[in-house]
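Single-structure report; data block below.
The values are calculated or read from the model by the stated rules, or taken from the named source; none is laboratory data. Just so we're clear, the structure is a prediction, and the values are computed from it rather than from any experiment. So basically every Cβ, Gly included, is an ideal-geometry build from the backbone, and we count neighbours across all protein chains shown.
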Amino acid sequence: MTNHNVAQFLLINADVVKSMGIDSRLALTHYFFKYAEMYTKDLYNNFAFDFLEDILSELFSDEEEKKDAMELIKLGYALVDFSKKKFFESSDLEEILHHIDKVALKEGDIVLKSPTVEKSASRDLCLIAMYIAIRIAYFDKGDYFYQASKQLLLAVCSRLFDGEILFNNKEELLSVLEYAELLNTLDRLNIEVNSTLKKREALHPELSKQANQFFLKSITAKDFKNAVHFSLFVKDITELSKVNMDIYFDQIGGEIKDVINNMEDVNRNEITEIMAYVLLLANYVLYREDFMDLGKDIYLKVVTADII
């Protein structure tokens, strides 16, 4: 199934995605922006922008009870990513992000003050920290937001890495890889971390090998969801030589085709989950020609990991 077929399918079924969560709606927006850029399709660019404006209107409504901190942070993450990729330009963007900056700092502080951090809260903390990490580069070092962001990042890393790192199964390893990616981000920002965190950071090459092993196993098992997630963390290009990438992407294309063709037989309650799966794979295959760029695409690593 070609990218054009997938794009038409997603356009026809956009109303289904509108009823889904923020992750899926942002994933659809990302897909159409990227697809429009690749194939010079103004229709899809316009649709993506309209879809994004609907999300903004909803999350920035006057009704305070409708506002969800984590949804705003995910939106902020996507807005920064879309802007860096030059999907759109907006004179209002910095004002919107400034509001989300304050929400992120406040929400991070609230979660950190709780006596224990549950697994679900750990994912939230990681996302908050990754958002702050990409925003801190825009702050002046003498600015309050820079100092507050730096302290929050260090506190989040210490909290997330408190205790032993375990990766006995795929889910645990994926979480640890995200935390390791966060440490790498701090390193790129020249934010000094303590010796304990440095030890955790030193594990990253070993974790990448583990990710590669799970990636290869997932391909063999045709577990494409996990293959997609783990491939984002594969660092060693030579390891990928074990995989025929043309066959791999053809398999994913075949999976998308099979899922779409079987949609009519799907229970109504399962449609949103199936659509989320299609969105994950559809965004992924757009990078077929630039596979190694996937590992640099933090948006795909962090936001699409929450789609399903």
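Table for the structure above
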item	result
Flag if ASP62 is of a type in the set (D, E, K, R), at pLDDT below 95, over 20 Å from the mean Cα position of the chain (by Cα) and closer than 28 Å to GLU264 by Cα	no
Test: TYR39 is of a type outside the set (A, V, I, L, M, F, W, C) and under 14 Å from the mean Cα position of the chain (by Cα)	no
Search result, residues across the stretch 15-47 that are surrounded by fewer than 15 Cβ atoms within 10 Å (Cβ to Cβ) and within 22 Å of LEU59 (Cβ to Cβ)	ASP15, LYS18, SER19, ASN46
Single residue of the stretch 236-256 satisfying the filter (loosely packed, with under 15 Cβ neighbours inside 10 Å and outside any helix (DSSP H, G or I)) that is modelled with the highest pLDDT	ASN244
